1. May I ask you to say which residue of Lys15, Lys36, Lys11, Lys5 is open to solvent by 40 Å² or more (accessible area, probe 1.4 Å), modelled with pLDDT under 95 and under 30 Å from Glu164 (Cα atoms)?
2. Could we say that Leu127 is within 15 Å of the ligand (Cβ to nearest atom), in a helix (DSSP H, G or I) and of a type outside the set (S, T, N, Q) here?
3. Mind checking which residues of the stretch 151-191 are closer than 25 Å to Val302 by Cα, surrounded by fewer than 24 Cβ atoms within 10 Å (Cβ to Cβ) and small (Gly, Ala, Ser)?
4. Is there a residue in the stretch 297-310 that is within 16 Å of the ligand (Cβ to nearest atom) and surrounded by fewer than 19 Cβ atoms within 10 Å (Cβ to Cβ)?
5. Sort out which residues of the stretch 130-161 are more than 10 Å from the ligand (Cβ to nearest atom), touching a strand residue (DSSP E or B) at 6+ places or on another chain (Cβ under 9 Å), more than 16 Å from Ile184 (Cα to Cα) and not basic (Lys, Arg), and write them in order of number.
6. Somewhere in the stretch 117-125, is a residue under 20 Å from the mean Cα position of the chain (by Cα) and within 24 Å of Ala303 (Cβ to Cβ)?
7. Being of a type in the set (Ser, Thr, Tyr), within 20 Å of Asn183 (Cβ to Cβ) and either more than 16 Å from the ligand (Cβ to nearest atom) or open to solvent by less than 50 Å² (accessible area, probe 1.4 Å) (or both), is that true of even one residue in the stretch 278-290?
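The values are calculated or read from the model by the stated rules, or taken from the named source; none is laboratory data. Owing to the predicted nature of the structure, the values given are computational and were not obtained by experimental measurement. Please note: Cβ atoms are built from the backbone with ideal geometry, for glycine as well, and neighbour counts cover all protein chains shown. All accessible areas refer to the heavy atoms of the entire protein, side chains included, with ligands and DNA or RNA removed. Shrake-Rupley method; radii C 1.70, N 1.55, O 1.52, S 1.80 Å.
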Amino acid sequence: MATEKKVIAIKNTPKHLLGIQNLSVLEAKKILTEAKSFIKLNRGSSKKLDVLRGKTQINLFFEPSTRTQSSFDLAGKRLGADVMTMNMGNSALKKGETLIDTAMTLNAMHPDIIVIRHQDSGAPNLLSQKVNCTVINAGDGRREHPTQALLDALTIINRKGNIEGLKIAICGDILHSRVARSNIYLMNMLGAEVNVIAPKTLMPKEIDNLGVKSFTDMKKGLDGCDIVMMLRLQNERMQGSFLPSKREYYEFFGLTPEKLKFAKKDALLMHPGPMNRGVEIDTKLADDINVSLVKEQVELGVAVRMACLKLYCN
Ligand code: NCD
């Protein structure tokens with residue numbers, strides 16, 4: 001009897017995607033392989049599957065989002081789920097309801113998947129302990145953004161064939177960036193060498209424990225790199241002054257065609273968006289289809305989210 005109960009408990013335990021740190025190499029590769037199969041489907045004229053037919057997906061976005069929210073929305077719909085996206089600006093949170101009360105309310109409606117973006121690091125983990133369904137992290141504070149790193153990895157693999165052995169530079173506001181953290185974990189896990197480049201004030205103190213080389217000079221940090229990932233200044237997470245001025249930041253850390261020459265000849269440029277043109281990146285470079293993978297990142301984001309929804313929803 002006791003054994004039977006245990007088996008049932010294990011079967012009913014939902015799986016969660018909370019961060020790259022919780023993934024094994026095998027799990028990460030499985031998601032990427034599954035995602036590859038959706039690229040072609042998304043480019044075709046008939047994009048609808050019924051893998052998640054009968055399942056309910058709730059997207060809970062507590063922070064503004066264009067790419068991630070629409071991408072999860074489309075991904076769920078293309079797999080046949082019933083998708084509800086909640087604009088948390090209009091929710092009872094405004095009336096003082098806590099995240100946990102919101103979670104309990106939604107849980108009572110029997111969703112199968114909750115996708116959450118939240119300004120507090122750890123919010124998806126907390127939510128996963130309170131609900132009976134799969135929780136997928138769509139970005140929490142400055143901690144992790146696992147599906148962004150996975151879509152970045154898929155984009156690199158699509159262009160370069162492999163991640164192992166590549167040299168990848170991540171440049172900008174490393175301190176406040178969940179994209180940087182998830183990418184550092186994932187690219188290291190998949191065998192890349194990672195350089196991070198930032199002004200001293202935007203470099204996390206614990207950077208040396210993350211298995212990367214850190215630089216405050218673009219010329220040195222970009223040397224020999226195959227991929228250059230640029231990040232936005234996360235002003236919403238800055239209290240006080242981290243930089244003398246945006247103009248000075250652009251001068252030293254903004255990616256221009258001249259600075260890109262410090263990297264390998266065939267280096268490619270990535271950015272998770274939203275981009276601040278003229279702050280972290282030259283506007284022409286951002287649109288240069290010979291080097292910029294920005295649009296491809298958005299495209300493959302849908303495939304990656306479809307893979308995650310399919311693999312994580314019991
Ligand atoms: C990132 C995010 O929200 O963490 N954007 C995204 O998901 N595409 C990066 C950012 O906001 O700068």
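1. Numbers: Lys36 fails: modelled with pLDDT under 95; Lys11 fails: under 30 Å from Glu164 (Cα atoms); Lys5 fails: under 30 Å from Glu164 (Cα atoms).
Of the residues listed, the single one that is open to solvent by 40 Å² or more (accessible area, probe 1.4 Å), modelled with pLDDT under 95 and under 30 Å from Glu164 (Cα atoms) is Lys15.
2. On the way: within 15 Å of the ligand (Cβ to nearest atom): no; in a helix (DSSP H, G or I): yes; of a type outside the set (S, T, N, Q): yes.
For Leu127, the condition - within 15 Å of the ligand (Cβ to nearest atom), in a helix (DSSP H, G or I) and of a type outside the set (S, T, N, Q) - is not met.
3. Selection gives Gly161, Gly191.
4. First, pick out the residues of the stretch 297-310 that are within 16 Å of the ligand (Cβ to nearest atom): 297-305, 308.
With the extra rule that they be surrounded by fewer than 19 Cβ atoms within 10 Å (Cβ to Cβ), the set shrinks to 298-299.
Scanning the stretch 297-310 turns up at least one residue that is within 16 Å of the ligand (Cβ to nearest atom) and surrounded by fewer than 19 Cβ atoms within 10 Å (Cβ to Cβ).
5. Once the filter is applied, which keeps residues that are more than 10 Å from the ligand (Cβ to nearest atom), touching a strand residue (DSSP E or B) at 6+ places or on another chain (Cβ under 9 Å), more than 16 Å from Ile184 (Cα to Cα) and not basic (Lys, Arg), the stretch 130-161 yields Val131, Cys133, Thr134, Val135, Ile136, Asn137.
6. Yes, some residue in the stretch 117-125 is under 20 Å from the mean Cα position of the chain (by Cα) and within 24 Å of Ala303 (Cβ to Cβ).
7. Residues of the stretch 278-290 of a type in the set (Ser, Thr, Tyr): 283.
Now drop any that are not within 20 Å of Asn183 (Cβ to Cβ), which leaves none.
No, every residue in the stretch 278-290 fails to be of a type in the set (Ser, Thr, Tyr), within 20 Å of Asn183 (Cβ to Cβ) and either more than 16 Å from the ligand (Cβ to nearest atom) or open to solvent by less than 50 Å² (accessible area, probe 1.4 Å) (or both).
Table: residues versus (1) at pLDDT 95 or above; (2) open to solvent by 60 Å² or more (accessible area, probe 1.4 Å); (3) more than 16 Å from the ligand (Cβ to nearest atom); (4) within 17 Å of Thr216 (Cα to Cα).
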position	(1), (2), (3), (4)
Thr256	yes, no, yes, yes
Lys259	yes, no, yes, yes
Met275	yes, no, no, no
Lys295	yes, yes, no, no
